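For reference, the structure is listed below as structure tokens.
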Amino acid sequence: ELLWQSVKALKWSGADRCREAIDNAFERSYIFKTFMVEELAEMLSYSRFIECPAETQIFLEEEEGETMYFVLDGEGDMFEDAEWTGSIKTSEVIGDDSVLCGHPRSCTVIAGTKMVMLEVSEQALRHTMRRRPEAWKELVRRARIKYDDESEDEDEDEDGAKRK
């Protein structure tokens, strides 16, 4: 209930309508699972809800990323080198690789429908995790696992060379 009070404190009129998606994000996301309830509430106090009309560019491939987004409503499209590579749906997280691992954006994301998202900055995450640096390291570790699992299976040999 503390988390829901924190969500309400952000004074976004659509919060009730998206409560299920918000609850799903808190329950399923590897990011939220790393936090204690009090830390999540604090992080929310530094975050904001944003609404993007259809066809809005959320972020651009190769740009630096200091924010990540939890999609609470709507759908988007991902493009790499101007080619469509997939869809983004409610309850998904986008931009976490840039925030947690420091990589440039791997794709361009464009809202396919009106999208409602919780925007969380790297600064909000770091501020929240300042008392538990091991939790920040755990977030980064989980992000690396997530993105290693999604990439082609490559291993490094003893000399650091990539091989399939």
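The distance between label points at Trp136 and Arg17 comes to 3.7 nm (points 7 Å beyond Cα on the Cα→Cβ vector).
Mean shadow of the chain, computed from the convex hull of its alpha carbons, in nm²? Before the final figure, lay out each step's value.
Values: hull surface 41.5 nm².
Averaging across all directions leaves 10.4 nm² for the Cα convex hull.
Taking every protein chain into account, the accessible area of the stretch 1-113 amounts to 52 square angstrom per residue (probe 1.4 Å).
In the structure displayed, which of Lys89/Lys114; Lys89/Lys137; Lys89/Lys146 lie more than 23 Å apart, Cα to Cα? Kindly include the intermediate steps, with their values, before the conclusion.
Working: Lys89/Lys114 12 Å; Lys89/Lys137 27 Å; Lys89/Lys146 17 Å.
Too far apart for the 23 Å limit: Lys89/Lys137.
State, as an integer percentage, the relative contact order of the stretch 1-142 based on alpha-carbon contacts under 8 Å between residues 6 or more apart.
Working: 271 pairs, mean separation 42.3, N = 142.
Relative contact order for the stretch 1-142 comes out at 30 percent.
When the convex hull of the Cα atoms of the stretch 9-91 is projected onto a plane and the area is averaged over all directions, what value comes out in nm²? If you can, show how the numbers build up before the last one.
Working: hull surface 25.5 nm².
So the Cα hull casts an average projection of 6.4 nm².
Here each label is just a point 7 Å from Cα along the line to Cβ, and for Tyr30 and Glu64 those points are 2.5 nm apart.
Using the rule -39500 (n - 2.57) for each DSSP H run of four or more residues, divided by the residues of the chain, the 222 nm mean residue ellipticity is -11000 deg cm²/dmol.
The values are calculated or read from the model by the stated rules, or taken from the named source; none is laboratory data. What you are looking at is a predicted structure, and each value in this text was computed from that prediction instead of being measured. Counting neighbours? That spans all protein chains shown, and the Cβs are built from the backbone with ideal geometry, glycine included. Note: areas computed on protein heavy atoms with side chains; ligands, DNA, RNA excluded. Shrake-Rupley method; radii C 1.70, N 1.55, O 1.52, S 1.80 Å.
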